[in-house]
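> If you scroll down you'll find the structure; I have some questions about it.
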Amino acid sequence: MNLEEKVFLIDLDGTMYRGEEPIAGAKEFVEQLQVKNIPFLFVTNNAMRNPAHAAANLNQITGLSVTAEHFYTSVDTLKYILEADKTAGKIVSDGSGKAFVIGTEYVQHAVSDAGFSVSTDVDSDEIAIVVVGLDQAVTYKQLMDASIAVQKGAQFYLTNPDEQFPSSRGYVPGAGALGKVITAATRVTPIVCGKPNALIIEGALAKLGADKAHAVFLGDNLMTDISAAVNAGIDSVMIETGVHNRTDFKIYGVEPTMVVKDYETLLSTWQQAR
């Protein structure tokens, strides 16, 4: 795999940083991509920050200089899926639909932009869709109301399936953990918008104007990053700086094209392949 002939799709949590701490070598790796004019996008399941905020956060943590145009998120995929489901007649498409949303303003604005009115009254309003993303201020009542709306027939969308993500204090619950609470109560499985859904890869490549043959995904999570790459049919590099390591391959039944311990190893491998 000639890395200089690739466009890079790069994860954030566990790949570029852990919590508020940069991962050693990540900044230098991205700067090498910039120097060599190799196209890249940060493809993230994080639905808490819009691309502008995500860029500012990454720049602050790592000292990089990237812009919102370098990001593609699970919320971008959510918008794509909602439009496709409206066209297919799976959900209301005349602008009258109501949505119950757990998530940040970024997710709520995306749902509104897709033509739905956000409601918090699942008892009086007919809820067409329930959208769940990570909200670190989520309440039991919100989880209960989302469960009631799904039981009444609302389509259930989950921005991303990450059950955990690394922080400076240790692993903490992700959006997937919230989704599992609702699934446990309703026995309804959500439509997952982020990784490992191949659509997030396809959308990111469309934004770059690149094809699958020239794409590689760099990430730390077998069940999201690497599985998304496998599902989309592109190469992948798993870096052991986050959730998983090579001892997990047999456990999860997923393997990357290449595995590296850290950025020093990745850069060394890149140099040797030249």
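The values are calculated or read from the model by the stated rules, or taken from the named source; none is laboratory data. Values in this document were obtained by computation on a predicted structure and should not be read as measured data. Backbone-built Cβ (ideal geometry, glycine too); neighbour counts: all protein chains shown. All accessible areas refer to the heavy atoms of the entire protein, side chains included, with ligands and DNA or RNA removed. Shrake-Rupley method; radii C 1.70, N 1.55, O 1.52, S 1.80 Å.
> Skipping prolines and chain starts, which residues have an amide H placed within reach, meaning under 5 Å, of the one on TYR157, given they are 5 or more residues away or on another chain?
HN-HN under 5 Å from TYR157: VAL130, VAL131, VAL132, ILE191.
> Right, here's the next one. For region 49-89, restrict the atom set to alpha-carbon positions and state the Rg and Dmax in Å.
Looking at region 49-89, its Cα Rg and Dmax stand at 13.9, 46 Å.
> A follow-up question, please. How high is the relative contact order of region 209-274, in percent, with contacts defined as C-alpha pairs under 8 Å that are six or more residues apart?
In percent, rounded to a whole number, it is 29.
> Here is a further query. Quick one: which residues, 5 or more positions from ARG18 or on another chain, have an amide H under 5 Å from its amide H? H modelled 1.01 Å from N in the peptide plane, none for Pro or chain starts.
Counting only residues 5 or more places away or on other chains, the set is ILE23.
> Just to verify a number: what accessible area does LYS261 come out at with the full protein assembly present, 1.4 Å probe, Å² rounded to tens?
Around 130 Å² of this residue is reachable by solvent.
> So what's the gap between the Cα centers of region 136-162 and region 210-232, to the nearest angstrom?
Comparing the Cα centres of region 136-162 and region 210-232, I get a distance of 28 Å.
> Using the Cα centre of the chain as the reference point, and only Cβ charges (+1 on K/R, -1 on D/E), how large is the resulting charge dipole? Debye, rounded to the nearest 20.
About 320 debye.
> Follow-up. Stokes-Einstein at 4 °C, 1.567 mPa s, Kirkwood radius from Cα pairs: D for the chain in µm² s⁻¹?
68 µm²/s
> In terms of modelled amide H atoms, which long-range or inter-chain residues lie less than 5 Å from the amide H of VAL122?
none
> Output the relative contact order of region 93-183, whole-number percent, from Cα pairs under 8 angstrom with separation of 6+ residues.
26 percent
> Apply the Kirkwood formula to region 158-274: the hydrodynamic radius equals the inverse of the mean of 1/r over all pairs of different alpha-carbon atoms; give it in Å with one decimal.
15.4 Å
> Longer than 32 Å from Cα to Cα, which of LYS86/LYS207; LYS141/LYS207; LYS79/LYS261; LYS90/LYS195 are they? Say none if no pair is.
The answer is LYS141/LYS207; LYS79/LYS261.
> Considering the zone a paramagnetic label at TYR171 would reach in this model (a point 7 Å from Cα along the Cα-to-Cβ line), which residues of region 235-253 have amide N under 19 Å from it?
Only 238-253 fall inside the zone, counting backbone N under 19 Å.
> A further question on this structure: When the distances between all Cα atoms of region 1-115 are binned every 10 Å from zero, what whole-number percent does each bin get?
All Cα pairs considered, the percentages come to 13, 38, 26, 17, 7, 0.
> Could you give the angle, 0 to 90 degrees to the nearest 10, between helix 263-273's Cα long axis and the longest principal axis of the Cα atoms of the chain?
Once rounded, the angle reads 60 degrees.
> For region 1-139, give the magnitude of the charge dipole about the Cα centre (Cβ charges: +1 Lys/Arg, -1 Asp/Glu; no others), in debye to the nearest 20.
Result for region 1-139 is approximately 300 debye, rounded to the nearest 20.
> GLN151 versus LYS79, label points 7 Å from Cα toward the beta carbon: distance in nm?
Simple spin-label model gives 3.4 nm for this pair.
> Going from the alpha-carbon gyration tensor of region 136-201, what semi-axes, largest first and in whole Å, does one get by taking the root of 5 times each eigenvalue?
Computed over region 136-201, the values are 21, 17, 8 Å.
> OK, next. With the dipole of region 76-179 worked out from charges on the C-beta (+1 for Lys and Arg, -1 for Asp and Glu) around the Cα centre, which of ALA177, ILE91, ALA149 lies farthest toward the positive end?
The residue sitting farthest along the positive end of the dipole is ALA177.
> Here is a follow-up. Please give the Cα centre distance for region 49-88 versus region 1-20, rounded to the nearest Å.
15 Å
> Send over a whole-number figure in Å² for the accessible area per residue of region 164-274, probe 1.4 Å.
47 Å²
> Oh, and also: Can you give the accessible area of ARG49 in Å² (nearest 10), computed on protein heavy atoms with a 1.4 Å probe?
It works out to around 70 Å².
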